[in-house]
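Report on the structure given below.
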C-alpha cells in the first residue's frame with residue numbers, strides 16, 4: 001500500500017503527463033512541463049562537485065553578470081516606456097495643481113467643521 005506522500009507524487013506526475021499533450025506549456029508557463037521534485041523549488045539542491053558551503057566562484061560571477069544584464073534590460077525598457085508617456089504642458093500642470101489645492105482646502109474645511117461640531121456635541125452630552 002502506498003503512503004499519502006507517494007500517492008500525491010504519483011498523482012502529480014500523472015497530471016503532468018496527461019496535460020503534456022494538450023497544453024504545450026507547463027504549470028509555471030514554461031514550454032516544457034516540469035516533473036515533481038525537479039529542483040526548481042525554493043530550496044534548490046546543490047550541484048554535484050560544488051563546495052559544501054555554497055556556490056563556487058564561477059557561479060557567483062555568472063549570477064552577477066546575469067544581474068547586471070537584467071538591470072540593463074530593465075533600464076532600456078524603462079526609457080522606451082518613458083518615451084511613450086504624454087507629459088503634461090506647463091499650463092496643464094498648473095491647472096491640475098490648482099484643482100488639487102482647492103479640493104484639499106474644501107475637504108479640510110468640511111472635516112474641520114464636522115470635527116468642531118462633534119466636539120461641541122460630545123462636550124454637551126458629557127457636561
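Bear in mind these aren't lab numbers, they're just calculated from the coordinates by the rules spelled out. Because the structure is predicted, anything quoted here is derived from the model rather than measured. We place every Cβ from the backbone using ideal geometry, glycine too, and count neighbours over all the protein chains shown.
Highest first, please rank the peptides 101-111, 76-86 by the mean number of other Cβ atoms sitting within 10 Å of their residues.
101-111, 76-86
Using a ≥ b ≥ c from the Cα gyration tensor of segment 74-116 (square roots of the eigenvalues), is it rounded, prolate or oblate, where a/c under 1.5 gives rounded and otherwise the larger of a/b and b/c decides, a/b for prolate?
Cα axes put segment 74-116 in the oblate bin.
Find how much the distance from residue 77 to residue 98 grows on full extension, using 0.36 nm per residue of separation minus their present alpha carbon separation; answer in nm with one decimal.
Difference between extended and current length: 4.2 nm.
Set the Förster distance to 35 Å, then compute FRET efficiency between residue 110 and residue 86 from the Cβ-Cβ distance, nearest 0.05.
The value I calculate is 0.55.
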